[in-house]
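The values are calculated or read from the model by the stated rules, or taken from the named source; none is laboratory data. Quick caveat, the model's predicted, so the values are computed rather than measured. Cβ placement follows ideal geometry from the backbone for every residue including glycine, while neighbour counts extend to all protein chains displayed.
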Amino acid sequence: MNVNHNTQRPLPGCPQPSRRGYRHLRWLPALLLGMLPMLAQASMFKGEALDTAANILAWVVLIVAPVVGISVFWLVHILPEKIAEKRQHPQTDAIQVLCILSLFFGGLLWPLAWLLAYTKPVLHKLAYGTDKVPHGDGHHDESAADGAELKRLRQQVTELESRLANPPATGKA
């Protein structure tokens, strides 16, 4: 059985006492402390040290920051070219041209070069039977093979010239 032991009832029209009490005033001392005037300092340096620090900062902002910014911009713009070489993409030269043009056009063509570097060259595979073309150090091996082929062709030319110079004797005499 529930029994209400509270015999005092609030009078109608009288304000009710707050259950929170003065909890909303707990931030008042921190607010007052924050409003006290304090000594404001713009820098931890004073005098000549402040001038030296400002000069160093100016040189860094005027010289170092642009060099670093341009270097990072350039490195980001050659990423599609590096990716294409790593994946042995057959259109690496086109991707290189897009990267260079993107540098001059403010990066507008860079997303196109990025997409082209990551695409699989399906039509190239249909035409040539492979979707990979060796890049990089393979050019040195090709030049050695070209040199051997050139030597063989020169030998054939000298043989043909000797045949023309000395025609074979025919049986009509």
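Take the residues in the range 86-115 that are among the hydrophobic types (A, V, I, L, M, F, W, C) and within 15 Å of VAL133 (Cα to Cα), then tell me which one is surrounded by the most Cβ atoms within 10 Å (Cβ to Cβ).
To start, the set of residues in the range 86-115 that are among the hydrophobic types (A, V, I, L, M, F, W, C) comprises 94-95, 97-101, 103-105, 108-110, 112-115.
If we keep only those that are within 15 Å of VAL133 (Cα to Cα) as well, we get 94-95.
On the way: ALA94: 14, ILE95: 23.
The qualifying residue surrounded by the most Cβ atoms within 10 Å (Cβ to Cβ) is ILE95.
Is it the case, given these coordinates, that GLU81 is under 15 Å from the mean Cα position of the chain (by Cα), of a type in the set (Asp, Glu) and surrounded by 15 or more Cβ atoms within 10 Å (Cβ to Cβ)? Considered against the rule, which asks whether it is under 15 Å from the mean Cα position of the chain (by Cα), of a type in the set (Asp, Glu) and surrounded by 15 or more Cβ atoms within 10 Å (Cβ to Cβ), GLU81 comes out as yes.
Could you please let me know if PRO29 is at pLDDT below 80 and either among the small types (Gly, Ala, Ser) or more than 30 Å from LEU103 (Cα to Cα) (or both)? It would help to see each step written out before you state the result.
Numbers: at pLDDT below 80: no; either among the small types (Gly, Ala, Ser) or more than 30 Å from LEU103 (Cα to Cα) (or both): yes.
No; evaluated as a whole, the condition is false for this residue.
Can you find, within the range 53-78, the residue that is nearest to the chain's Cα centre (by Cα) among those that are within 13 Å of ALA113 (Cα to Cα) and assigned to a helix (DSSP H, G or I)? Checked the range 53-78; the qualifying residue nearest to the chain's Cα centre (by Cα) is VAL76.
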